[in-house]
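Enquirer: One structure, pasted below without further comment.
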Amino acid sequence: MASGTETSGSGDIGRTIELLWDTGRRPSRGPKPGLTLERIVEAAVEIADREGLAAVSMRRIATDLGTGTMSLYRYVPGKAELLDLMLDRVQRTSEDPGDYGDGGWRSALEALGRSALALHRRHTWLLNVNQSRPVLGPSALDGMEKVLTRIKPMGLTDPELLSVIIMLDGYVVGAARTQVYQEEAERSSGLTDAQFWAAQQPVLEKVMTSGRYPVLASLSEDTFGPGFDHFEFGLQRILDGLEVLVAARATAAGPAAPGSGAPASAAPGPAAPGSAAPDQPA
(Lines give C-alpha, C1' and ligand atoms only; values in the text may rest on other atoms or scores of the structure.)
Protein backbone atom coordinates (compact mmCIF):
# COMPACT_ATOMS: atom_id res chain seq x y z
CA MET A 1 0.00 0.00 0.00
CA ALA A 2 1.58 3.25 -1.10
CA SER A 3 1.92 6.17 1.27
CA GLY A 4 0.03 9.41 0.79
CA THR A 5 -3.63 10.23 0.57
CA GLU A 6 -5.85 11.18 -2.34
CA THR A 7 -9.30 12.71 -2.00
CA SER A 8 -12.55 11.65 -3.60
CA GLY A 9 -14.61 14.39 -5.22
CA SER A 10 -11.54 16.47 -6.07
CA GLY A 11 -12.14 16.55 -9.82
CA ASP A 12 -14.85 18.10 -11.97
CA ILE A 13 -17.93 17.06 -9.97
CA GLY A 14 -20.36 17.64 -12.83
CA ARG A 15 -18.33 15.59 -15.29
CA THR A 16 -17.79 12.84 -12.72
CA ILE A 17 -21.53 12.58 -12.12
CA GLU A 18 -22.15 12.34 -15.87
CA LEU A 19 -19.67 9.49 -16.12
CA LEU A 20 -20.98 7.66 -13.07
CA TRP A 21 -24.60 7.85 -14.19
CA ASP A 22 -23.94 7.70 -17.94
CA THR A 23 -25.81 10.93 -18.61
CA GLY A 24 -23.20 12.72 -20.69
CA ARG A 25 -22.29 12.51 -24.35
CA ARG A 26 -20.59 9.26 -25.24
CA PRO A 27 -17.27 9.59 -27.09
CA SER A 28 -17.17 8.57 -30.70
CA ARG A 29 -15.39 5.32 -31.36
CA GLY A 30 -11.74 5.78 -30.58
CA PRO A 31 -8.72 4.65 -32.57
CA LYS A 32 -8.39 1.43 -30.54
CA PRO A 33 -11.32 -0.99 -30.99
CA GLY A 34 -12.69 -2.23 -27.68
CA LEU A 35 -11.49 0.74 -25.63
CA THR A 36 -14.28 1.75 -23.26
CA LEU A 37 -14.65 3.70 -20.05
CA GLU A 38 -15.37 0.44 -18.22
CA ARG A 39 -12.12 -1.09 -19.44
CA ILE A 40 -10.16 2.01 -18.46
CA VAL A 41 -11.59 1.92 -14.94
CA GLU A 42 -10.91 -1.82 -14.62
CA ALA A 43 -7.31 -1.32 -15.74
CA ALA A 44 -6.85 1.45 -13.17
CA VAL A 45 -8.22 -0.77 -10.39
CA GLU A 46 -5.93 -3.61 -11.45
CA ILE A 47 -2.87 -1.35 -11.30
CA ALA A 48 -3.88 0.05 -7.89
CA ASP A 49 -4.44 -3.47 -6.54
CA ARG A 50 -1.00 -4.64 -7.67
CA GLU A 51 1.15 -1.58 -7.07
CA GLY A 52 -0.81 0.97 -5.07
CA LEU A 53 -2.74 4.10 -5.95
CA ALA A 54 0.37 6.16 -6.64
CA ALA A 55 1.17 3.90 -9.60
CA VAL A 56 -2.10 4.83 -11.33
CA SER A 57 -1.63 7.45 -14.03
CA MET A 58 -3.18 8.07 -17.41
CA ARG A 59 0.13 7.21 -19.07
CA ARG A 60 0.46 3.94 -17.15
CA ILE A 61 -3.13 2.90 -17.92
CA ALA A 62 -2.60 3.67 -21.60
CA THR A 63 0.54 1.53 -21.62
CA ASP A 64 -1.28 -1.41 -20.04
CA LEU A 65 -4.11 -1.09 -22.53
CA GLY A 66 -1.75 -0.70 -25.49
CA THR A 67 -3.05 2.66 -26.58
CA GLY A 68 -2.00 6.29 -26.60
CA THR A 69 -2.44 8.40 -23.49
CA MET A 70 -4.50 11.00 -25.33
CA SER A 71 -7.02 8.30 -26.29
CA LEU A 72 -8.01 7.98 -22.63
CA TYR A 73 -8.99 11.63 -22.39
CA ARG A 74 -11.81 10.97 -24.85
CA TYR A 75 -13.43 8.98 -22.03
CA VAL A 76 -12.35 10.56 -18.73
CA PRO A 77 -10.93 14.04 -17.96
CA GLY A 78 -8.16 12.91 -15.64
CA LYS A 79 -7.07 10.89 -12.60
CA ALA A 80 -9.22 12.83 -10.12
CA GLU A 81 -12.42 11.89 -11.91
CA LEU A 82 -11.09 8.39 -12.59
CA LEU A 83 -10.57 7.85 -8.86
CA ASP A 84 -14.28 8.38 -8.19
CA LEU A 85 -15.13 5.88 -10.93
CA MET A 86 -12.71 3.39 -9.37
CA LEU A 87 -14.34 3.81 -5.97
CA ASP A 88 -17.78 3.15 -7.38
CA ARG A 89 -16.51 0.20 -9.42
CA VAL A 90 -15.14 -1.71 -6.43
CA GLN A 91 -18.34 -1.07 -4.45
CA ARG A 92 -20.56 -3.00 -6.87
CA THR A 93 -22.99 -5.00 -4.77
CA SER A 94 -23.80 -8.68 -4.90
CA GLU A 95 -27.08 -9.76 -6.46
CA ASP A 96 -27.29 -12.76 -4.11
CA PRO A 97 -29.79 -11.97 -1.30
CA GLY A 98 -27.95 -14.45 0.92
CA ASP A 99 -24.95 -12.15 0.97
CA TYR A 100 -26.96 -9.70 3.10
CA GLY A 101 -27.75 -12.06 5.96
CA ASP A 102 -30.88 -14.00 6.79
CA GLY A 103 -33.22 -11.02 6.63
CA GLY A 104 -32.78 -9.54 10.10
CA TRP A 105 -31.05 -6.24 10.75
CA ARG A 106 -28.32 -7.81 12.88
CA SER A 107 -27.33 -10.39 10.28
CA ALA A 108 -27.38 -7.65 7.62
CA LEU A 109 -24.91 -5.56 9.61
CA GLU A 110 -22.75 -8.62 10.28
CA ALA A 111 -22.62 -9.29 6.55
CA LEU A 112 -21.89 -5.63 5.84
CA GLY A 113 -19.00 -5.55 8.31
CA ARG A 114 -17.41 -8.74 7.03
CA SER A 115 -17.81 -7.85 3.36
CA ALA A 116 -16.43 -4.35 3.94
CA LEU A 117 -13.35 -5.81 5.65
CA ALA A 118 -12.84 -8.20 2.74
CA LEU A 119 -13.22 -5.28 0.31
CA HIS A 120 -10.48 -3.29 2.02
CA ARG A 121 -8.20 -6.31 2.07
CA ARG A 122 -8.73 -6.91 -1.66
CA HIS A 123 -8.21 -3.24 -2.49
CA THR A 124 -5.78 -1.97 0.13
CA TRP A 125 -5.43 1.34 -1.73
CA LEU A 126 -8.86 2.30 -0.38
CA LEU A 127 -7.12 3.09 2.90
CA ASN A 128 -5.25 5.87 1.10
CA VAL A 129 -8.37 7.65 -0.12
CA ASN A 130 -10.06 10.39 1.86
CA GLN A 131 -13.74 9.62 1.23
CA SER A 132 -15.23 12.21 3.57
CA ARG A 133 -16.99 13.78 0.55
CA PRO A 134 -17.80 10.95 -1.86
CA VAL A 135 -19.37 11.45 -5.25
CA LEU A 136 -22.29 9.04 -5.07
CA GLY A 137 -22.64 6.71 -8.00
CA PRO A 138 -24.98 3.79 -8.70
CA SER A 139 -22.91 1.17 -6.87
CA ALA A 140 -22.68 3.26 -3.70
CA LEU A 141 -26.40 4.04 -3.70
CA ASP A 142 -27.36 0.45 -4.57
CA GLY A 143 -25.42 -0.76 -1.54
CA MET A 144 -26.91 1.91 0.72
CA GLU A 145 -30.42 1.06 -0.45
CA LYS A 146 -29.97 -2.63 0.25
CA VAL A 147 -28.53 -2.09 3.72
CA LEU A 148 -31.13 0.50 4.73
CA THR A 149 -33.92 -1.79 3.55
CA ARG A 150 -32.64 -4.48 5.92
CA ILE A 151 -32.02 -2.25 8.96
CA LYS A 152 -35.08 0.03 8.69
CA PRO A 153 -37.04 -2.29 11.06
CA MET A 154 -34.62 -1.38 13.86
CA GLY A 155 -37.05 1.43 14.69
CA LEU A 156 -34.37 4.13 14.88
CA THR A 157 -34.66 7.60 13.40
CA ASP A 158 -33.33 8.05 9.90
CA PRO A 159 -30.24 10.01 11.05
CA GLU A 160 -29.55 7.23 13.57
CA LEU A 161 -29.76 4.57 10.86
CA LEU A 162 -27.19 6.50 8.86
CA SER A 163 -25.05 6.80 11.99
CA VAL A 164 -25.16 3.02 12.42
CA ILE A 165 -23.64 2.61 8.96
CA ILE A 166 -21.04 5.32 9.61
CA MET A 167 -20.10 3.74 12.95
CA LEU A 168 -19.66 0.30 11.41
CA ASP A 169 -17.64 1.72 8.52
CA GLY A 170 -15.30 3.48 10.94
CA TYR A 171 -14.76 0.26 12.86
CA VAL A 172 -14.09 -1.75 9.71
CA VAL A 173 -11.64 0.79 8.26
CA GLY A 174 -9.69 0.85 11.53
CA ALA A 175 -9.52 -2.94 11.68
CA ALA A 176 -8.54 -3.18 8.01
CA ARG A 177 -5.79 -0.60 8.47
CA THR A 178 -4.35 -2.55 11.41
CA GLN A 179 -4.35 -5.83 9.46
CA VAL A 180 -2.88 -4.32 6.30
CA TYR A 181 -0.19 -2.42 8.20
CA GLN A 182 0.83 -5.61 10.02
CA GLU A 183 1.26 -7.44 6.72
CA GLU A 184 3.12 -4.48 5.23
CA ALA A 185 5.51 -4.38 8.20
CA GLU A 186 6.30 -8.06 7.72
CA ARG A 187 7.05 -7.57 4.03
CA SER A 188 9.17 -4.45 4.49
CA SER A 189 11.16 -5.73 7.49
CA GLY A 190 11.69 -9.28 6.29
CA LEU A 191 10.72 -10.51 9.77
CA THR A 192 7.69 -12.64 10.43
CA ASP A 193 5.43 -11.65 13.30
CA ALA A 194 6.84 -14.53 15.35
CA GLN A 195 10.43 -13.46 14.67
CA PHE A 196 9.66 -9.86 15.55
CA TRP A 197 8.27 -10.75 18.97
CA ALA A 198 10.92 -13.41 19.61
CA ALA A 199 13.56 -10.68 19.31
CA GLN A 200 11.89 -8.84 22.22
CA GLN A 201 11.20 -11.91 24.34
CA PRO A 202 14.34 -11.90 26.56
CA VAL A 203 13.83 -8.34 27.83
CA LEU A 204 10.06 -8.73 28.11
CA GLU A 205 10.40 -11.87 30.22
CA LYS A 206 12.82 -10.01 32.48
CA VAL A 207 10.61 -6.97 33.03
CA MET A 208 7.53 -9.15 33.59
CA THR A 209 9.25 -10.76 36.60
CA SER A 210 10.35 -7.40 38.04
CA GLY A 211 7.00 -6.68 39.69
CA ARG A 212 6.62 -3.43 37.79
CA TYR A 213 3.76 -4.72 35.62
CA PRO A 214 1.72 -7.11 37.81
CA VAL A 215 -1.42 -7.07 35.67
CA LEU A 216 0.45 -7.64 32.42
CA ALA A 217 2.46 -10.42 34.05
CA SER A 218 -0.74 -12.16 35.15
CA LEU A 219 -2.21 -12.39 31.66
CA SER A 220 -2.64 -15.84 30.14
CA GLU A 221 -0.13 -17.10 27.61
CA ASP A 222 -2.63 -16.91 24.75
CA THR A 223 -3.54 -13.24 25.37
CA PHE A 224 -1.42 -11.94 22.50
CA GLY A 225 -1.66 -15.07 20.37
CA PRO A 226 -2.99 -15.16 16.81
CA GLY A 227 -5.90 -17.43 17.65
CA PHE A 228 -8.28 -14.74 18.89
CA ASP A 229 -10.45 -13.01 16.28
CA HIS A 230 -10.35 -9.39 17.45
CA PHE A 231 -12.36 -8.16 14.49
CA GLU A 232 -15.25 -10.52 15.08
CA PHE A 233 -15.23 -9.85 18.83
CA GLY A 234 -15.49 -6.11 18.27
CA LEU A 235 -18.14 -6.49 15.57
CA GLN A 236 -20.36 -8.56 17.86
CA ARG A 237 -19.99 -6.09 20.75
CA ILE A 238 -21.09 -3.23 18.49
CA LEU A 239 -24.15 -5.23 17.48
CA ASP A 240 -24.86 -6.17 21.10
CA GLY A 241 -24.96 -2.47 21.95
CA LEU A 242 -27.36 -1.81 19.10
CA GLU A 243 -29.57 -4.66 20.33
CA VAL A 244 -29.94 -2.82 23.63
CA LEU A 245 -30.90 0.41 21.88
CA VAL A 246 -33.38 -1.30 19.56
CA ALA A 247 -35.04 -3.08 22.49
CA ALA A 248 -35.29 0.18 24.45
CA ARG A 249 -36.91 1.98 21.51
CA ALA A 250 -39.39 -0.85 21.01
CA THR A 251 -40.33 -0.72 24.69
CA ALA A 252 -40.72 3.06 24.63
CA ALA A 253 -42.88 2.93 21.51
CA GLY A 254 -45.32 0.43 23.00
CA PRO A 255 -48.09 -1.27 21.03
CA ALA A 256 -49.94 0.48 18.21
CA ALA A 257 -53.30 2.02 19.05
CA PRO A 258 -56.20 -0.48 18.59
CA GLY A 259 -57.63 -0.29 15.08
CA SER A 260 -54.96 2.11 13.87
CA GLY A 261 -53.36 -0.47 11.61
CA ALA A 262 -49.96 1.19 12.28
CA PRO A 263 -46.98 -0.92 13.36
CA ALA A 264 -45.44 -0.18 16.74
CA SER A 265 -42.35 1.34 15.10
CA ALA A 266 -44.56 3.94 13.40
CA ALA A 267 -46.44 4.95 16.55
CA PRO A 268 -45.95 8.51 17.85
CA GLY A 269 -43.01 8.80 20.19
CA PRO A 270 -39.24 8.46 20.18
CA ALA A 271 -39.26 5.24 18.14
CA ALA A 272 -40.83 6.71 14.99
CA PRO A 273 -38.13 6.63 12.27
CA GLY A 274 -37.37 10.11 10.99
CA SER A 275 -39.72 11.79 13.48
CA ALA A 276 -36.97 13.30 15.57
CA ALA A 277 -34.73 16.22 14.65
CA PRO A 278 -31.23 15.16 13.49
CA ASP A 279 -29.67 16.47 16.69
CA GLN A 280 -32.06 14.61 19.02
CA PRO A 281 -30.00 12.51 21.44
CA ALA A 282 -30.42 8.71 21.39
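The values are calculated or read from the model by the stated rules, or taken from the named source; none is laboratory data. All of these numbers come straight from a predicted model, not from anything done at the bench. Reconstructed Cβ throughout: ideal geometry from the backbone, glycine too, with neighbour counts over all protein chains shown. The area values use the complete protein model at the heavy-atom level, side chains included, leaving out ligands, DNA and RNA. Shrake-Rupley method; radii C 1.70, N 1.55, O 1.52, S 1.80 Å.
Enquirer: For the range 99-241, give the magnitude of the charge dipole about the Cα centre (Cβ charges: +1 Lys/Arg, -1 Asp/Glu; no others), in debye to the nearest 20.
Expert: Here the range 99-241 has a charge dipole of around 300 debye.
Enquirer: State the label only: which of [x] 132; [y] 197; [z] 211 corresponds to volume of the Cα convex hull per residue in Å³ computed from the shown model?
Expert: Checked against the structure: label [y].
Enquirer: Might you tell me the accessible area per residue for the chain, computed with a 1.4 Å probe and given in Å²?
Expert: Each residue of the chain exposes 58 Å² on average to a 1.4 Å probe.
Enquirer: Another one. Want the number for Ala194 to Glu232: 0.36 nm per residue separation, take away the alpha-carbon distance, what's left?
Expert: 11.4 nm
Enquirer: For the chain, with a Gaussian network of springs between Cα atoms less than 10 Å apart, report the residue from Trp125, Trp105, Trp197 with the top mean-square fluctuation.
Expert: Evaluated over the chain, the most mobile residue of the options is Trp197.
Enquirer: Place the peptides 211-220, 236-245, 34-43 in order of packing, highest mean first, counting for every residue the other Cβ atoms within 10 Å and averaging per peptide.
Expert: With the highest mean Cβ count within 10 Å placed first, the list reads 34-43, 236-245, 211-220.
Enquirer: Can I ask one more? For a quick protection proxy, order the peptides 132-142, 181-191 by their average other-Cβ count within 10 Å, most packed first. Don't skip to the end; give the middle numbers.
Expert: Working: 132-142: 15.3, 181-191: 11.2.
Most protected by this proxy first, the peptides run 132-142, 181-191.
Enquirer: In a GNM of the chain with a 10 Å cut-off on Cα contacts, which of Ala108, Ala199, Ala55 has the highest mean-square fluctuation?
Expert: In the Gaussian network model the winner is Ala199.
Enquirer: Let me ask something else about it. Which of the peptides 226-233, 76-83 is most tightly packed, and how do the rest follow, judged by the mean count of other Cβ atoms within 10 Å per residue? Present the calculation step by step, with values, prior to reporting the outcome.
Expert: On the way: 226-233: 10.6, 76-83: 20.0.
Packing order, densest peptide first, comes out as 76-83, 226-233.
Enquirer: Next question. How are the C-alpha pair distances of the range 180-246 spread across 10 Å bins, as whole percents from the shortest bin up?
Expert: 16, 30, 31, 18, 5
Enquirer: Relative contact order, percent, of the range 27-153 when contacts are C-alpha pairs under 8 Å separated by at least 6 residues?
Expert: Reported relative contact order: 27 percent.
Enquirer: When only Cα pairs under 8 Å and 6 or more residues apart are kept, what is the percent relative contact order across the chain?
Expert: 20 percent
Enquirer: Fully extended, how many nm does the chain gain between Ser115 and Thr23 (0.36 nm per residue separation, minus their Cα-Cα distance)? Write down the numbers at each step before the final one.
Expert: On the way: separation 92, 0.36 × 92 = 33.12 nm, distance 3.00 nm.
So the extension gain works out to 30.1 nm.
Enquirer: Additional query: How large is the helix-only mean residue ellipticity at 222 nm for the chain, computed as the sum of -39500 (n - 2.57) over DSSP H runs with n ≥ 4, divided by its residue count, in deg cm²/dmol to the nearest 500?
Expert: Values: 11 runs with 157 residues, N = 282.
That comes out to -18000 deg cm²/dmol.
Enquirer: Still on this model: Can you pull the one-decimal nm distance between simple spin-label points at Thr69 and Ser132, each 7 Å off the Cα toward Cβ?
Expert: So the label points at Thr69 and Ser132 sit 3.1 nm apart.
Enquirer: Please report, ordered by residue number, every helix of the chain (full DSSP H runs) that is 18 Å or longer along its axis going by C-alpha atoms and whose mean Kyte-Doolittle hydropathy reaches -1.0.
Expert: Both cut-offs are met by 37-51, 105-122, 138-151, 158-189, 193-208, 230-253.
Enquirer: Right, here's the next one. Over the Cα atoms of the range 1-143, how large are the radius of gyration and the largest Cα-Cα distance (Dmax), in Å?
Expert: Values for the range 1-143 (Cα only, Rg and Dmax): 16.1, 51 Å.
Enquirer: When the accessible area of the range 25-118 is computed with all protein chains present and a 1.4 Å probe, what percentage of it is carbon and sulfur?
Expert: Using a 1.4 Å probe with all protein chains present, the range 25-118 comes out at 50 percent carbon and sulfur.
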